[in-house]
Amino acid sequence: MQWEVVIGLETHAQLSTVSKIFSGAATQFGAQPNTQACPVDLALPGTLPVMNRGAVERAIRFGLATGATVAPRSIFARKNYFYPDLPKGYQISQFEIPVVQGGQVTIQVPANDKTGSAAYEKTINLTRAHLEEDAGKSLHEDFAGMTGIDLNRAGTPLLEIVTEPEMRSAAEAVAYAKALHVLVVWLGICDGNMQEGSFRCDANVSVRPVGQAEFGTRAEIKNLNSFRFLEEAIQYEVRRQIELIEDGGTVVQETRLYDPDKRETRSMRSKEDAHDYRYFPDPDLMPLMIDAAWIARVQDAMPELPAAIQARFVTQYGLTPYDAGVLTSSKALAAYYEAVVLKAGAAQAKAAANWVAGEVSSQLHRDALDIAHSPVSAVQLALLLQRVADGTISHKIAKDIFLTIWEEKATDDTAADRIIEAQGLKQISDTGALEAIIDEVLAANQKSVEEFRAGKEKAFNALIGQAMKATKGRANPQQVNDLLKKKLA
């Protein structure tokens with residue numbers, strides 16, 4: 001039997017406010033346990049929650065970025081459940097009327113060499129995005145036979161973003177999660193730190209026979225805080241459900257956890273439905289009213305969005321959609337690339353794209369740095385590209401100079417010129433000098449000459465290599481190629 005996978009994601013993005021959603025307590029990560037939980041977060045008698053305006057504005061920003069409807073009136077509800085890290089017994093969330101309704105996120109699913117599938121684009125529809133508070137955290141380490149409770153996270157503002165069940169593979173789910181991650185960080189509404197729990201996904205996974213309209217029974221995999229874990233958890237869960245059904249069993253609706261060490265999901269608890277939480281409007285909070293003027297103010301402060309920048313890079317700089325996508329994987333990377341082009345000139349747009357996506361990104365990955373801390377500035381890279389373009393140095397020498405600037409952490413904008421002059425790296429373009437060198441190479445490599453004249457093209461490349469070696473890589477490669485062909489002819 002052929003099976004179809006059905007996936008919907010619920011993503012919790014921690015909003016980048018300095019205080020909690022209903023209190024003035026701090027949200028800073030890494031504080032000592034229970035030092036950032038105030039009486040309001042714990043709903044102690046006599047306390048009242050007060051809405052954080054910054055959290056609302058971040059929700060509006062997300063709604064505008066995804067083409068969603070920002071509700072002029074939304075309400076907060078109490079979601080009742082009992083768990084050790086929720087001492088007040090309920091979580092303040094939104095249920096019937098969320099602040100953001102609908103919306104879309106367009107994803108780019110990469111090609112898969114193993115399955116032979118080509119890259120494609122897909123638009124994922126959002127059901128809603130609602131504001132809510134986070135719960136605390138149970139600590140199971142360092143307590144012999146006991147569990148500790150840290151309530152610092154209690155009351156931290158979250159935007160829960162829910163998709164329609166429209167993804168049909170783990171690859172689509174990962175592509176969506178990555179696109180969403182880029183967007184919330186780009187908008188400045190979430191720092192996106194997955195290790196600290198600022199961006200985490202719950203995956204609802206089910207399978208059904210191909211052609212069947214009804215959905216299968218779903219399992220929810222909770223708190224996936226890396227793209228790799230998200231992919232592995234979905235792949236395992238799909239296999240588990242298919243094997244279970246084909247062996248005559250039945251999938252039960254439940255919440256599961258992913259164990260990255262065993263690379264498998266395991267049952268956590270039976271899955272609750274909405275009625276199990278006994279939602280009712282929070283009596284301590286007035287409805288959230290958002291007028292058109294407030295939305296307009298947020299709209300005026302919106303940055304240029306990734307999709308718009310991608311389209312502009314394609315039309316303005318002649319980049320491929322793929323290159324434009326790579327260069328807009330973060331707001332800072334896009335800004336760095338554009339700064340290089342503006343300094344080096346539009347004629348260097350493609351070369352700049354290759355360098356930023358290639359050498360720059362590779363070195364950043366090697367040294368675990370982000371683009372904001374690149375040792376080679378956009379101005380320094382622009383000058384390096386100009387020196388390649390005007391023939392002062394070869395591309396190979398440019399790579400060596402780039403690494404020198406990187407390792408030196410040079411601060412002078414003209415570092416490339418300084419290194420070229422100090423190390424005598426100017427490209428040899430004098431025809432007379434190159435002819436003399438090529439004559440010496442031909443005389444010393446008669447075997448390669450004879451092999452080339454016998455039809456072996458590889459021998460020509462060997463002679464090119466010898467000529468470049470003789471000039472320590474400073475010869476103009478195109479001139480060497482042309483002169484060598486002329487001599488051999």
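Taken together, the values in this text are just the output of simple stated rules run on the coordinates, not laboratory data. If you're wondering where the values come from, they're calculated on a predicted model, not measured in any experiment. Virtual Cβ from ideal backbone geometry, glycine too; neighbours counted across all protein chains shown.
Mind listing which trypsin sites (Lys or Arg not before Pro) in segment 401-452 are in a DSSP loop and have 15 or fewer other Cβ atoms within 10 Å?
Numbers: sites: Lys409, Arg418, Lys426, Lys447; in loops: Lys409, Lys426.
Sparse-neighbourhood loop trypsin sites (Lys or Arg not before Pro): Lys409, Lys426.
If you take every DSSP beta bridge whose two residues both sit in segment 109-175, what share of them, in percent to the nearest 5, is antiparallel?
Numbers: 12 of 12 bridges.
About 100 percent, rounded to the nearest 5.
Checking the table Lys114/Lys458; Lys447/Lys486; Lys222/Lys271; Lys399/Lys426; Lys426/Lys469; Lys343/Lys469 against a 21 Å threshold on Cα-Cα, which pairs fail?
Details: Lys114/Lys458 32 Å; Lys447/Lys486 18 Å; Lys222/Lys271 11 Å; Lys399/Lys426 14 Å; Lys426/Lys469 15 Å; Lys343/Lys469 33 Å.
Beyond 21 Å: Lys114/Lys458; Lys343/Lys469.
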Response to the item:
Everything considered on the Cα gyration tensor (a ≥ b ≥ c; rounded for a/c under 1.5, else prolate if a/b is larger than b/c, else oblate), segment 270-336 must be described as oblate
Discussion item. Only helices at least 30 Å long along their own axis, judged from Cα atoms, and with Kyte-Doolittle mean hydropathy of -1.0 or greater: name those in the chain from DSSP H.
Written reply: none
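Quick one: longest stretch of the chain between exposed loop chymotrypsin sites (Phe, Trp or Tyr not before Pro), exposed meaning at most 10 other C-beta atoms within 10 Å and loop per DSSP?
Values: sites that count: Phe82, Phe143.
Excluding the exposed sites themselves, the longest stretch runs over 144-489.
Where does the chain land at 222 nm, in deg cm²/dmol rounded to the nearest 500, when only DSSP H runs of n ≥ 4 count, each adding -39500 (n - 2.57), divided by all residues?
-12000 deg cm²/dmol
Would you mind getting me the FRET efficiency between Ala347 and Arg168? Use the beta-carbon distance for r and R0 = 45 Å, nearest 0.05.
On the way: r = 43 Å, r/R0 = 0.95.
According to the calculation, E is roughly 0.55.
Assuming a ≥ b ≥ c are the square roots of the Cα gyration tensor eigenvalues, decide whether segment 21-154 counts as rounded (a/c under 1.5), prolate (otherwise, with a/b larger than b/c) or oblate.
Working: a/c = 2.59, a/b = 1.43, b/c = 1.81.
Judged from the Cα gyration tensor, segment 21-154 comes out oblate (a/c at least 1.5, b/c at or above a/b).
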Response to the item:
Out of Pro209, Asn225, Val105 - ranked by how far each Cα lies towards the positive end of the dipole of segment 87-234, with unit charges on the beta-carbon of charged residues - the top one is Pro209
Worksheet item: What is the Cα centroid distance between segment 381-401 and segment 1-79, reported in whole angstrom?
Response: 49 Å
Discussion item. I'd like the distance separating the alpha-carbon centroids of segment 313-372 and segment 174-198, in whole Å.
Written reply: 20 Å
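Would you mind classifying the chain by shape? Square roots of the alpha carbon gyration tensor eigenvalues, ordered a ≥ b ≥ c; an a/c under 1.5 is rounded, otherwise it is prolate if a/b is larger than b/c and oblate if not. Could the numbers behind the result be given before it?
Numbers: a/c = 2.61, a/b = 1.97, b/c = 1.32.
Prolate, because a/c is 1.5 or more and a/b exceeds b/c.
Which value, in debye to the nearest 20, gives the size of the charge dipole of the chain about its Cα centre, when Lys and Arg are +1 and Asp and Glu are -1 at the Cβ?
On the way: 51 positive and 62 negative charges, 195 e Å.
For this selection, approximately 940 debye.
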